[in-house]
């Protein structure tokens with residue numbers, strides 16, 4: 001990891017509406033997607049309409065996201081992308097935005113879709129409050145889960161990419177990379193890392209492992225206490 | 001768009017009658033109450049009078065009233081101040097699992113950093129504390145018991161009088177059993193955080209059997225930045241700050257004169273209007289509760305149906321997340337509050353709702369509507385006009401289905 005790179009955080013504080021007259025917690029784009037979510041699945045999925053599904057999170061950590069995807073087997077482009085989420089305003093908006101990003105302009109190729117980062121989604125949303133960024137932008141993870149599912153179902157096992165990061169908390173799907181990034185962005189204690197990542201919130205069993213990693217990365221980047 | 005403010009448990013608007021009595025102290029009467037001249041004495045007299053008013057309402061002596069910057073400071077002063085000054089008597093504290101963070105985190109700090117031990121008494125599924133359970137948590141080395149009078153999230157009213165009198169009996173029996181130790185010891189003393197209760201419940205110290213009590217201005221249509229700690233005479237506190245002699249040296253620093261004057265007036269009005277407002281708000285509360293539970297499927301009331309503050313409605317809407325519902329309501333001009341993790345700075349769901357023994361999803365989907373003096377039947381109608389469809393909309397995009405044992409009666 002390039003730890004000299006500029007860190008990415010959410011927008012400082014809350015966001016002001018475009019007319020600057022009234023502040024709101026989210027940007028106008030977020031608001032638009034929140035009040036009018038795009039591409040959500042409003043009825044039970046029709047078997048055969050989709051050829052891949054993905055899932056991330058659990059209600060215990062506050063957000064659960066499921067996605068249904070239809071990929072064109074010839075072009076490997078995403079033709080349809082539907083979702084359901086149990087989550088806050090920015091979870092709904094960022095998922096809605098991702099669904100637009102992967103289906104617009106004739107559909108994104110799986111190759112490109114795999115490269116979508118939370119930062120890209122946030123950029124399209126015009127920013128998110130800092131404390132919301134890490135915990136609520138989950139759709140890139142669900143998307144990669146669905147891409148792997150597509151390759152599994154279409155017998156292209158060689159194209160499945162196992163995330164190089166190690167999943168530390170299977171419930172929130174927080175990886176060692178997420179924890180590393182949180183430490184680099186200034187989180188020093190378990191509470192601070194949880195504030196950024198939700199690791200171990202609702203899954204207390206993994207707390208010792210998380211604390212060990214925090215110590216490891218603190219020593220790696222900032223020296224022993 | 002008409003605004004409907006249903007977040008009175010967070011804070012109340014300043015009563016114009018309170019503002020009126022405060023204004024001179026934000027203007028002409030600017031003296032320092034400690035100054036030895038006419039300008040200072042004007043301000044000093046105002047505090048004296050305010051202290052009398054508060055003492056009268058509580059039925060205590062005026063020197064037992066300490067003005068602070070608010071509920072959080074009063075709780076901190078009561079707990080840190082007492083524990084630190086009386087650590088030689090014992091290092092054990094008793095409280096409940098669902099106190100306000102101003103109490104919980106203060107006690108956790110004492111546990112973590114200052115060598116104290118604490119017992120957290122659980123609450124039942126209705127959000128009530130069992131007085132016997134509090135008593136059985138008390139040990140020989142317990143110096144302080146702190147139980148809130150009414151919960152800030154679910155509004156349940158706790159049996160403070162009963163807990164207070166049980167503690168008194170316990171101390172009495174120790175005195176009879178062992179006059180030597182019993183005569184020397186005054187512990188444990190009993191503190192209650194009455195911030196939420198102050199507008200709705202009687203506050204006479206004598207019948208509550210409390211030794212310390214926290215009150216807060218902005219919950220009773222008073223100004224922000226002012227609160228009270230009632231502290232029974234003879235109770236020793238270690239101050240949290242130093243550098244003056246104000247408030248008998250227990251809480252030093254130049255007084256918030258306008259705030260103190262406003263607090264006294266706000267408490268006066270709250271006590272005068274209590275009976276009328278309690279009756280009115282109880283009807284509105286029950287109307288809102290029954291209409292939500294009847295018209296919107298998969299909902300549950302959090303907290304006891306009747307042993308709750310007249311203004312508190314706390315309902316979990318299954319399968320959805322509270323912040324999203326809060327923001328949809330906000331767009332309709334309806335202001336409420338949620339126990340969801342997403343709106344809290346810690347990203348943890350409400351410890352109060354979890355204490356009732358329900359899973360995370362139920363806490364994430366909880367909404368608190370706290371009514372106030374301005375709330376009318378029309379407001380309830382308006383909420384019921386928009387709420388069902390907003391809930392339906394969020395449920396449509398949610399993949400979660402909460403187990404029916406948590407919402408089916």
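Just so it is clear, none of the values below were taken in a lab; they were calculated from the coordinates. Since the model is a prediction, treat every value here as computed from it, not as a measurement. Note: ideal-geometry Cβ built from the backbone for every residue, glycine included; neighbour counts use all protein chains shown.
What share of the DSSP beta bridges in the protein assembly as shown is antiparallel, in percent to the nearest 5?
That works out to approximately 70 percent antiparallel.
Name the residue, out of B:268, B:52, B:105, whose mean-square fluctuation peaks in a Gaussian network model built on chain B with Cα pairs under 10 Å.
Of B:268, B:52, B:105, the Gaussian network model singles out B:105 as fluctuating most.
Using only Cα atoms, tell me the angle between helix B:16-26 and the longest principal axis of chain B; keep it within 0 to 90° and round to the nearest 10.
Relative to chain B, helix B:16-26 is tipped by roughly 40 degrees.
When DSSP assigns beta bridges and you keep just the ones with both residues in chain B, what percent turn out antiparallel, to the nearest 5?
55 percent
If neighbour count is taken as other Cβ atoms inside 10 Å, put B:148, B:1, A:122 in order from fewest to most.
Going from least to most buried by this count: B:1, A:122, B:148.
Averaging over every viewing direction, what projected area does the convex hull of the Cα atoms of region A:163-225 cover, in nm²? Write down the numbers at each step before the final one.
Numbers: hull surface 15.6 nm².
So the Cα hull casts an average projection of 3.9 nm².
Provide B:4, B:353 in ascending order of the number of other Cβ atoms located within 10 Å of each residue's Cβ, fewest first.
Ordered from fewest to most neighbouring Cβ atoms within 10 Å, B:4, B:353 come out as B:4, B:353.
Work out Dmax and Rg for chain B from the C-alpha atoms and quote the Rg first, both in angstrom.
22.1, 70
Quick one: Debye curve from the alpha-carbon atoms of region A:93-225 only, equal weights, vacuum; give me log10 I(q)/I(0) at q = 0.09, 0.19, 0.23 Å⁻¹ to two decimals.
-0.31, -1.12, -1.34
What is the projected area of the convex hull of the Cα atoms of region A:99-152, averaged over all directions, in nm²? Could the numbers behind the result be given before it?
Values: hull surface 15.5 nm².
Dividing the Cα hull surface by four gives the mean projection, 3.9 nm².
Ignoring everything except DSSP H segments at least 4 long, calculate the 222 nm mean residue ellipticity for chain B; use -39,500 (n - 2.57) per segment, divide by total residues, nearest 500.
When only DSSP H runs of four or more count, the value is -13000 deg cm²/dmol.
When A:83, B:407 are ordered from fewest to most other Cβ atoms inside 10 Å of their Cβ, what list results?
Ranking A:83, B:407 by Cβ neighbours within 10 Å, fewest first, gives B:407, A:83.
Mind jotting down the distance between the C-alpha centroids of region B:349-409 and region B:76-129, whole Å?
Between the Cα centres of region B:76-129 and region B:349-409 lies a distance of 30 Å.
Per 0.36 nm of contour for each residue apart, how much would the distance between residue B:241 and residue B:382 grow if the chain were fully extended, relative to their Cα-Cα spacing?
Full-extension gain reported as 46.0 nm.
For region B:264-325 and region B:41-69, what is the separation of their C-alpha centers, rounded to whole Å?
32 Å
In whole Å, what are the extents of region B:137-280 along the principal axes defined by its C-alpha atoms, from largest to smallest?
The Cα atoms of region B:137-280 stretch 48, 44, 24 Å along their principal axes.
Which order do the peptides A:87-94, B:236-243 take when ranked by the mean count of other beta-carbon atoms within 10 Å per residue, highest first?
So the peptides A:87-94, B:236-243, ranked by packing, come out A:87-94, B:236-243.
Taking just the alpha carbons, could you work out the radius of gyration and Dmax for region B:11-88, both in angstroms?
Spelled out, the Cα radius of gyration and Dmax of region B:11-88 are 15.6, 48 Å.
So what are the radius of gyration and Dmax for the Cα set of region A:15-162, in Å?
Considering region A:15-162 through its Cα atoms, Rg and Dmax are 15.4, 55 Å.
In 10 Å bins starting at zero, report the fraction of Cα pairs in region B:302-409 per bin as a rounded %.
Histogram of Cα-Cα distances, whole percents per bin: 14, 46, 35, 5.
For chain B, with a Gaussian network of springs between Cα atoms less than 10 Å apart, report the residue from B:184, B:51, B:168 with the top mean-square fluctuation.
Taking springs between Cα atoms under 10 Å, the residue moving most is B:184.
Most mobile of B:335, B:377, B:221 per a Gaussian network model of chain B (Cα springs, under 10 Å)?
For chain B, modelled as a Gaussian network with Cα springs under 10 Å, the answer is B:377.
If packing is taken as the mean number of other Cβ atoms within 10 Å per residue, what is the order of B:312-324, A:40-52, A:175-187, highest first? Please list the in-between numbers first.
Details: B:312-324: 26.2, A:40-52: 12.8, A:175-187: 19.5.
Peptide ranking by packing, descending: B:312-324, A:175-187, A:40-52.
Which whole-number value in Å³ per residue fits the convex hull of the alpha carbons of the protein assembly as shown?
186 Å³
To check my understanding: the extent here is largest minus smallest coordinate of the Cα atoms along each principal axis. What are those three numbers for region A:63-128, in Å, largest first?
36, 22, 16
Between residue A:166 and residue B:125, how high is the FRET efficiency from 1/(1 + (r/R0)^6) when r is the Cβ-Cβ distance and R₀ = 35 Å? Nearest 0.05.
Using R0 = 35 Å, I get an efficiency of 0.30.
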